[in-house]
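The values are calculated or read from the model by the stated rules, or taken from the named source; none is laboratory data. Just so we're clear, the structure is a prediction, and the values are computed from it rather than from any experiment. Quick reminder, even Gly has a Cβ in these numbers, built from the backbone with ideal geometry, and neighbours come from all protein chains shown. Remember, those area values only see protein heavy atoms, side chains included, never the ligands or the DNA or RNA. Shrake-Rupley method; radii C 1.70, N 1.55, O 1.52, S 1.80 Å.
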Amino acid sequence: MTRLDRWKFGTAALMTMAITTVAITPLITLAPAHAQYNIGQSRNITIPSGVSFPVRAESEKITVKPGETKSLRLRIANDIIDNRRNVLIPRNTEIVGQLEPVNLDTYSRDRNSRQGVRFVAQELVFSNGQRQQINATSQTFTTTEKVSQGPNTGQVLTDAAIGAGAGLLGSLVTGNRRIDDLKPVIGAAAGAGASVLLRKQETEAFVLRPEQDLRLTLNSNLTLYRY
């Protein structure tokens, strides 16, 4: 074998080794969700902690009082994809969780200590009914606003109806069956109900705008199981 032939043979061997090394690399990192999966196990995709998801809600604003816990369902606002345009979590996937109070004065037991609120996600619910546990939270929201708080409308109308009925019954028992005489009684009951409706009290509450205030961040890796 000539020196030139030996050089060609050696170069070919090195190229073969390089190609083999690339082919057996076991882990691929994807972006923007930075999902990771193993070759031969592509059904399971892991999205690492720290990744954020945009969300939306049916209502533009959500009101919650300091110290209150409220169940809430959000939805993924946009497809969560990798750099190959593969959809990892589809848009409109439901997020089940709740708004939970946060004590901003960690070491204080005072009931008047500063309060915040955050959304704690518990499950993803896909369109096919598949459920996936998720450990993610929003940032803690701390700004309160004054909001008007009135009585329950349905209850007020029911009370007014009861008052009107009592007036009618009283008139029938006393023998006065003229409908015209009952109109002032019914009108008074309706007026009383309306006056209660107009009496509102102001209270401090968190007014959340989901798209701005409830963006979720993963606290631990999220492994999506593809069946």
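Miscellaneous remarks
- Among the residues of the stretch 42-69, just one is touching a strand residue (DSSP E or B) at 6+ places or on another chain (Cβ under 9 Å), under 12 Å from residue 213 (Cβ atoms), open to solvent by 50 Å² or more (accessible area, probe 1.4 Å) and part of a loop (DSSP other than H, G, I, E, B), namely 61.
- Within the stretch 79-115, the only residue that satisfies the criterion of being open to solvent by 60 Å² or more (accessible area, probe 1.4 Å), modelled with pLDDT of 90 or more and of a type in the set (Val, Ile, Thr) is 87.
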